[in-house]
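Encoded as structure tokens, the structure appears first; notes follow it.
The values are calculated or read from the model by the stated rules, or taken from the named source; none is laboratory data. This one's a predicted model, so the numbers in the text were calculated from it and none came from an experiment. Here the Cβ is made from the backbone with ideal geometry for all residues, glycine too, and neighbour counts use every protein chain on show. Note: areas computed on protein heavy atoms with side chains; ligands, DNA, RNA excluded. Shrake-Rupley method; radii C 1.70, N 1.55, O 1.52, S 1.80 Å.
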Amino acid sequence: MALNRSPLSACAEPWSNGAWFSQVSTALSESSSIHSDALCHLTRDFSAISLKPMPYSALDPGGYKEESWAEESQSFLQRNSMQVSPSEDKIPVVGAPSSPEASGDGLYFCDGQRKVDYVLVFHQRRHGSLRSPAMGSVAQDQLSIVSNGNFPPPAGSDAAAGPGGSLRREEAASAGEVFMELGIARGGEPLEAADHEMHLIRQEFEANLLEAGLEVERDSETKPHGPSFTRIHAPWPVLCREAEFLKIKVPTKQSYELKEESGFGSRMSTMWRKLKHPFQPNVSHPDHGSTKFLSHCFSRDKLHMYNITSKDTFFDNATRGRIVYEILRRTVCVRTCQTIGISTLIAKGAYDSAFPLHDGDFKVTGHLEERNDRQVLFEEWARYSAFYKYQPIDLVRKYFGEKIGLYFAWLGVYTQLLIPASIVGIIVFGYGVATVDTNIPSLEMCDERLNFTMCPLCDGACDYWHLSTACGTARASHLFDNPATVFFAIFMSLWAVLFLEHWKRRQISLSFSWDLTGIEEDEEHPRPKYETILLQKRQRKQKKKKKKKNEPEKQKDGTVTGKDRWRQKLLSAMSAGVPTVIEKLTWKDRLPGYFMNISSILFMFGLTFSAVFGVIIYRITVSALMAMSPDPETKSNVRVTVTATAVIINLVVILILDEIYGAVALWLTELEIPKTETNFEERLILKAFLLKFMNAYAPIFYVAFFKGRFAGRPGSYVYVFNNYRMEECAPGGCLIELCIQLSIIMLGKQLIQNNIFEIGIPKLKKLIRALKEKEPTQKQKDEERPPQQWNLDYALAPFEGLTPEYMEMIIQFGFVSLFVASFPLAPLFALLNNVIEIRLDAKKFVTELRRPVAARAKDIGIWYNILSGMGKLSVIINAFVISFTSDFIPRLVYQYMYSQTGTMHGFIDHTLSFFNVSNFKPGTAPPYSDHGDITVCRYKDYREPPWSPDAYQLSKQYWCVLSARLAFVILFQNLVMFLSLIVAWVIPDVPKTIVEQLKREKKLLVNLFLQEEKEKFQLIQSLFVKDATLHSKGQSPSTGQAFPILGRYSTLPSGPMAGEGGGPRVRCRAASFSQFSEKISSSPRKENTNSKHTAV
């Protein structure tokens, strides 16, 4: 019983005769997708079918013989009494094009007309036994069917003829006729159990896709070990249906003129556009300047409102791919596995991957005017030579979707605002360079005449030393620790607020221009792991219920009565028909995961602190060993060598732990069993950010706030492992060490992790994938067809989300904002990195990654909250860095409280305390000294001198400076917070022009709908007037029957008048459009075929 269709008949035409065909053939849509219900049930429910192929004329309505369905099915069941597992079925396939030109460079089906909207990839472990009639005799266990939507075109058509002329009828039949193998392949090996199951799952899934209206095409030849491709096309009715479900906004025919500025504002805008013109990418803009089209959620009832010039291009490729993905992720597999969606099937191994296709090759081969979107993005966005140009954000959004478009828009705004921050940072650094020769504290430290003899840096082996030897450190410290640094810290705190406010305005502007205002969150399906665990939980409950139901009530003597047995059977039958209660995982199911999360995160924190502590031990031991060296040059370079090597070790540890923490965060998030992808992504982001934040900033926090605070004083030092003294800050303060630490870690992460890893690792993965593929023989190379677009895209790396990209920039934002008081050049290095980062990411998305599904998003999600939190944290951290790490507050206190001249002269002597060398513990004093007989040495602290009654106790100056430091923290924090609130209040979140345009669009849409309703009412009124006229001309109304001409406000129903006989009185009621729907739909519409009105 081969089901065939005459190639001369159109695909969407109903068959005029044949009762059985009218029952089993179901038109899934208005497209060329004719699907047979009986055929689907045959392919899914039966196997071992002994049917031979038949020519297309078998389905020709003219050649149909009247035969009852009961007789045919009875004979069919008699011939096929032995049933086999449905896993032995094979899904319909069609031949692939022999050349890229035949399928439109691999972007279309083999007919060259229908676009490939999505591709499913799986691996075939043996040669598929799909054969065409031209291959000779066909085995008895085959079923000839026609693929859904793949009937051969009518004879004489261009598509059928092709470039080589018209096809013969037999060739046309073989092009559309395929075979479904039922059983083990002749001459092939039987499928393994796992492959057998995957084959069955794929069969059911793709059959369900056909039922959903999609059109499927697969290669007729499959490689024994290579990937096999299933191509999917969404016809126009399916696109319309899903676009209405997803509430996709599309432009209407109605447009309006945008309000143009006038006066000074208009002149400034014109001048600004002229200045920006050389930096604009060469991209055609779809909008018409000052004209904007109204947008509205797509509706099949309002097709006349939309400017549909071509059904193939009305929905762009990204939207088509998104629509198909929505169908894929909600399509179920019930018979073979209790799963839903393509993500679950990929997790199970039924498919390797699923992705939409790129718009052809990214290299331009023809004229520039014929470039596709991918080529335009490559030429104008993904090239390093375009670093000075603005990003074509609208085209990025059109090609990749709103979510990726928002990321690049955010990255562009962040990079643009780094320009003023970099300029101010350069000015602050330049101020330090210009004033270094006039800075009095630095001059005092470099003055050898003052002869400050300092206490030894280590016990026993180290000698006394002069403060003037640290002159270079003091001068370098002034470059970053000067009065301008305080201004820069305040500026950067306000800059962070300004950046967030500017991004909110930019985000809302993009939402308006991209028609994202008022969209609802898309319904998300559960993740595969959540479904699996929920299914296991449900099965456990069912087992418990079955055990209870199998134990009927017993009487006291232990016998079961007939009534109880009947009641038990009745209850079990009723429960089988009642749908189960929707179950979900509770906190009890997730409790082990929560416990593992908390313990693992605490362990990771301990690991981070251990790494920092290990570097501290390294610094202490190496400093002691180098100090005991007899080489004087080695002794003089102790601090520089130890600091540089320790920072490099820190950088290596940070890079290693970053990769470990990323994998650990993913594993911990899986243990929590989040229900949806959004929940999974948010929890993953929080864990990864927390771990990577601690990893990147723990060494910096130590240098900024802990180093030198717990070292003790001469004669009473704090020791580690009873042998090594805790390290102290350099004579110029810890700020210069903080600057070195921050600069090396920041530059190292950007250079190694962000750039080398992003370039090197994808190329290494691509090389490994190429090496895994076996080298084809020369004969296979000759027979191999040119690679299609789906082959090229499958060779690309899969898209794994935007979390790594955002994380990279958020950590950089922390370097720029949190400790910027110690390194004013941080914004400059971030700017230089981001200029390269934008083009690097763009090239990766365009050339190295598969095309992601166009995801819709209104904002950047949880990342904005993280940015806002880091902006507030930066205010507090910069306040503590200025007050406790730098010498800004001690200098102010000395100048205005202790200086006799009101200047900084004598500041160094004021900050150094005295120590009597006779108070050293035995064995800690230097055995001999090159500086002669030393009785008193100096150390940096505010303590009483040895001749004071309270020797070595904290002095009054210490408490005065500490009070000033705490007061500065409070003052700085409140001042910056207050200024931040003023900035946020002055800058509105929604631009005024956007508010006005939203109001105007809403008003225009209301007027448009009112006009449409008015036309509907006029049409209905004209129909009633016409009907009444026909009745008055055709026959005169009898007594008691009058047909009034319904006016505009008439509410009388048609029929006998109330109160004039002919039946009971009819109660008047208001007329509604639904009363007349049948009359409208049945009325002829050939009067004006161009005007389309909505049937309500």
If a residue must be touching a Phe, Trp or Tyr at 6+ places or on another chain (Cβ under 6 Å) and among the small types (Gly, Ala, Ser), how many such residues does segment 941-971 contain?
1
Positions within segment 265-284 being of a type in the set (A, V, I, L, M) and open to solvent by less than 100 Å² (accessible area, probe 1.4 Å), in sequence order
268, 283
Qualifying residues in segment 281-304 (those that are within 30 Å of residue 379 (Cα to Cα) and assigned to a strand (DSSP E or B)) - the one modelled with the highest pLDDT:
293
Can you pull out every residue in segment 523-545 that is at pLDDT below 75 and loosely packed, with under 14 Cβ neighbours inside 10 Å?
523, 524
Restricting the search to segment 899-917, which residues are in contact with a Cys (Cβ under 9 Å, 6 or more places away or on another chain) and either closer than 22 Å to residue 705 by Cβ or assigned to a helix (DSSP H, G or I) (or both)?
917
Write out, first by first residue and then by second, each pair whose Cβ atoms fall under 6 Å of each other, whose residues are 6+ apart or on separate chains, and whose first residue, in segment 590-602, is open to solvent by less than 90 Å² (accessible area, probe 1.4 Å) while the second is not in a helix (DSSP H, G or I).
590/673
Condition met for residue 850 (closer than 30 Å to residue 391 by Cβ and in contact with a Phe, Trp or Tyr (Cβ under 6 Å, 6 or more places away or on another chain)):
yes
Look at residue 402 and say whether it is farther than 26 Å from residue 514 by Cα and open to solvent by 20 Å² or more (accessible area, probe 1.4 Å).
no
Looking at residue 978, is it surrounded by 14 or more Cβ atoms within 10 Å (Cβ to Cβ) and under 30 Å from residue 500 (Cβ atoms)?
no
Collect the residues in segment 363-381 that are assigned to a loop (DSSP other than H, G, I, E, B) and touching an Asp or Glu at 6+ places or on another chain (Cβ under 9 Å), keeping them in residue-number order.
364, 371, 372
Go through (1) modelled with pLDDT of 80 or more; (2) open to solvent by 30 Å² or more (accessible area, probe 1.4 Å) for residue 156 and report which single condition fails.
(1)
Going residue by residue through segment 891-908, is there one that turns out to be among the aliphatic types (A, V, I, L, M) and open to solvent by 30 Å² or more (accessible area, probe 1.4 Å)?
yes
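Residues are listed down the side, and each one gets a yes or a no for (1) assigned to a helix (DSSP H, G or I); (2) small (Gly, Ala, Ser):
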position	(1), (2)
829	yes, no
835	yes, no
860	no, no
868	yes, yes
872	yes, no
Scan of segment 611-633 for residues that are open to solvent by 40 Å² or more (accessible area, probe 1.4 Å), in a helix (DSSP H, G or I) and more than 15 Å from residue 703 (Cα to Cα), ordered by number
625, 632, 633
Of these, 316, 301, 352, 312, which one is over 23 Å from residue 213 (Cα atoms) and of a type outside the set (Gly, Ala, Ser)?
352
Give the residue, chosen from 728, 659, that is outside any helix (DSSP H, G or I), within 23 Å of residue 613 (Cα to Cα) and open to solvent by 20 Å² or more (accessible area, probe 1.4 Å).
728
Which members of segment 662-706 meet the condition of being crowded, with 19+ Cβ neighbours inside 10 Å, within 28 Å of residue 347 (Cα to Cα) and of a type in the set (Gly, Ala, Ser)?
665, 688
Scan segment 648-669 and report the pairs whose first residue is within 20 Å of residue 743 (Cβ to Cβ) and whose second residue is exposed (fewer than 14 other Cβ atoms within 10 Å of the Cβ), with Cβ atoms within less than 9 Å and a gap of 6+ or a chain change.
649/614; 653/614
If a residue has to be touching a helix residue (DSSP H, G or I) at 6+ places or on another chain (Cβ under 8 Å) and either free of Cβ contacts under 8 Å to residues at least 40 places away in the same chain or under 19 Å from residue 231 (Cα atoms) (or both) to count, how many in segment 295-311 make the cut?
0
Return a yes/no flag: does segment 848-863 have any residue that is among the β-branched types (Val, Ile, Thr), surrounded by fewer than 17 Cβ atoms within 10 Å (Cβ to Cβ) and in contact with a helix residue (DSSP H, G or I) (Cβ under 8 Å, 6 or more places away or on another chain).
yes
For segment 338-350, indicate whether the set of residues that are part of a loop (DSSP other than H, G, I, E, B), open to solvent by 20 Å² or more (accessible area, probe 1.4 Å) and either without any contact (Cβ under 8 Å) to a residue 40 or more places away in the chain or within 15 Å of residue 242 (Cα to Cα) (or both) is non-empty.
no
So is residue 885 in contact with a helix residue (DSSP H, G or I) (Cβ under 9 Å, 6 or more places away or on another chain), hydroxyl-bearing (Ser, Thr, Tyr), more than 30 Å from residue 498 (Cβ to Cβ) and in contact (Cβ under 8 Å) with a residue 24 or more places away in the chain or not?
no
Which one of these does residue 965 not meet: (1) of a type in the set (D, E, K, R); (2) out of contact with any helix residue (DSSP H, G or I) (no Cβ under 7 Å at 6 or more places or on another chain); (3) within 30 Å of residue 438 (Cα to Cα); (4) open to solvent by less than 60 Å² (accessible area, probe 1.4 Å)?
(2)
Please identify the pairs in which a residue from segment 724-751 that is among the β-branched types (Val, Ile, Thr) has its Cβ atom under 8 Å from the Cβ atom of a residue that is outside any helix (DSSP H, G or I) and open to solvent by less than 30 Å² (accessible area, probe 1.4 Å), counting only partners at least 6 apart or on another chain.
736/481; 736/730
Regarding residue 244, is this residue open to solvent by less than 90 Å² (accessible area, probe 1.4 Å), modelled with pLDDT of 85 or more and out of contact with any Leu (no Cβ under 9 Å at 6 or more places or on another chain)?
yes
Quick one: is residue 975 out of contact with any Phe, Trp or Tyr (no Cβ under 7 Å at 6 or more places or on another chain), assigned to a helix (DSSP H, G or I) and within 30 Å of residue 713 (Cβ to Cβ)?
no
If we take segment 425-517, then helices (runs of 4 or more DSSP H) inside it with 2 or more residues that are free of Cβ contacts under 8 Å to residues at least 60 places away in the same chain and open to solvent by less than 50 Å² (accessible area, probe 1.4 Å) are 440-446, 471-480
